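Working notes for the structure below.
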Amino acid sequence: MSTTEDYYTILGITKNASADEIKKAYRKLAMQYHPDRNPGDKAAEAKFKDINEAYEVLKDDQKRAAYDRYGHQAFAGGMGGGAGANPFNGFDFTGSGFADVFSDIFSEFTGQGRRSKQRSYAERGDDIRYDLVLTMEEAFSGLEKEISITTSKICETCHGHGTADGKEPPVCATCNGSGKIRTQQGGFFVFETTCPQCRGAGRVVLDKCKKCKGSGKEKLDKSLKIKIPSGIEDGTRMRVAGEGEVGKNGGPKGDLYVFITVKQHKLFERYGVNLFVEQPISMTKAALGGQFKLKAIDGEALDVDIKPGTQPGDRIRLKGKGMHYMNSDKRGDLFVQFKVVVPTKLTAAQKECLQKFDDSASAEEKSFWSKLFE
Ligand SMILES: [Zn+2]
Ligand SMILES: [Zn+2]
């Protein structure tokens, strides 16, 4: 109960009003104060609630009699509502009554007929998934790719209704099209369960279309071109709107989701827009310095300098030679980390060279130590 105003006053009728007069008064006011006609108007919304509350009681002979006798007190439920004196405690006002009555009357007004009372029969189509594997090079440059998907279209035989005669299936008699069954227990709790007859659909297909076996759709193989932006990351999910399965009974199509996997590169490791590569260099190149060639992700041949005295694990950064930022010309960097390779097989000549090198280094070392302790 939200209002304390007299129900007859709310509806603008006398205490002797007939059932017909009550209904007429309600209909007129409900249209006038309906929230759809007064968007954002709180006062109208409150008034609309009061009108419905009043009608809910006055349209029911039993409740009206109780109201005439006890006033609002007749319906003051809950704690401390004078339970002893009130035989009507526990009336379910938010249950079945209100919504049904209102949609009955209001649907006449909006011209939607009885359909508005039923569950919406249209259903959105299912989404479909397509897995696309790209090479790192493809992810770098972006591309247009033609893919083949299996989706569905409306069954031509039954026009999507799933019925043998191709017409809309009849409204379920068990639930009257709502798809739900309400049961009241002890006059207090209202249970709502899915209708077992139509399994919630609100309609029952008795004779199924032979072509689609009642699903209302048929398989459709199609190919379509999708544009993959440059710089796309592994694990990206691209949504292609409206390329999913067909909807049921005029419902919208689902979407296509393309799940992108970017394969590992044999050379480069990717960290966002940056690339990383480990470059083995010889012990002598590390000591003396030099150059090596490296093929970048875009195919460019890079001449990379090795500084004399490069240590194992030293890194250099090649600016702008990494991956693209998504949908941009801007690029990340390429990091090269040096791995100094120590030879394991030496020819006699090489051994001799290295021995000479070692002798000179030792001599240098000796003179260093001797100077220190002189
Ligand atoms: Zn069919
Ligand atoms: Zn049903």
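The values are calculated or read from the model by the stated rules, or taken from the named source; none is laboratory data. Here the structure is a predicted model, which is why all the values come from computation and not from measurement. All Cβ positions, glycine included, derive from the backbone under ideal geometry; neighbour counts span all protein chains shown.
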> Listed residues PHE335, PHE292; which is at pLDDT 95 or above, outside the structural domain of GLY235 (by TED's automatic domain parsing), part of a strand (DSSP E or B) and out of contact with any Leu (no Cβ under 6 Å at 6 or more places or on another chain)?
Replying inline: PHE335
> From the set of residues in region 319-332 that are more than 15 Å from GLU300 (Cβ to Cβ) and within 30 Å of the chain's Cα centre (by Cα), which is modelled with the highest pLDDT?
Replying inline: TYR325
>> Among (1) among the hydrophobic types (A, V, I, L, M, F, W, C); (2) outside the structural domain of ILE149 (by TED's automatic domain parsing); (3) in a loop (DSSP other than H, G, I, E, B), there is one condition VAL304 misses while meeting the rest; what is its number?
In response: (3)
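Per-residue answers, yes or no, for (1) under 20 Å from SER152 (Cα atoms); (2) within 16 Å of ligand 2 (Cβ to nearest atom); (3) of a type in the set (A, V, I, L, M):
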position: ASP207; (1), (2), (3): no, no, no
position: LYS213; (1), (2), (3): yes, no, no
position: GLY216; (1), (2), (3): yes, no, no
position: SER223; (1), (2), (3): yes, no, no
position: ILE228; (1), (2), (3): no, no, yes
position: GLY231; (1), (2), (3): no, no, no
position: THR236; (1), (2), (3): no, no, no
position: GLY242; (1), (2), (3): yes, no, no
position: VAL246; (1), (2), (3): yes, no, yes
> Among the residues of region 280-302, which ones are surrounded by fewer than 15 Cβ atoms within 10 Å (Cβ to Cβ) and under 28 Å from GLY235 (Cα atoms)?
Replying inline: LYS295, ASP298, GLY299, GLU300
>> Suppose we filter THR150, THR135 for residues that are within 30 Å of the chain's Cα centre (by Cα), more than 16 Å from ligand 1 (Cβ to nearest atom) and either modelled with pLDDT under 95 or surrounded by 17 or more Cβ atoms within 10 Å (Cβ to Cβ) (or both); which single one remains?
In response: THR150
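Matching residues to (1) under 17 Å from the mean Cα position of the chain (by Cα); (2) exposed (fewer than 13 other Cβ atoms within 10 Å of the Cβ):
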{"site": "GLY235", "(1), (2)": "yes, yes"}
{"site": "MET238", "(1), (2)": "yes, no"}
{"site": "GLY251", "(1), (2)": "no, no"}
{"site": "VAL258", "(1), (2)": "yes, no"}
{"site": "ASN274", "(1), (2)": "no, no"}
>> Of everything in region 190-213, what is under 18 Å from ARG124 (Cα atoms) and within 16 Å of ligand 1 (Cβ to nearest atom)? Give them in sequence order.
In response: ALA201, ARG203, CYS212
>> Testing ALA44 on (1) surrounded by 15 or more Cβ atoms within 10 Å (Cβ to Cβ); (2) closer than 23 Å to GLY71 by Cα; (3) in contact with a His (Cβ under 9 Å, 6 or more places away or on another chain), one condition comes back false. Which one is that?
In response: (2)
> Residues GLY235, GLY216: which one is within 16 Å of ligand 1 (Cβ to nearest atom), touching a residue at least 24 places away in the same chain (Cβ under 8 Å) and either in the same structural domain as ASP314 (by TED's automatic domain parsing) or among the small types (Gly, Ala, Ser) (or both)?
Replying inline: GLY216
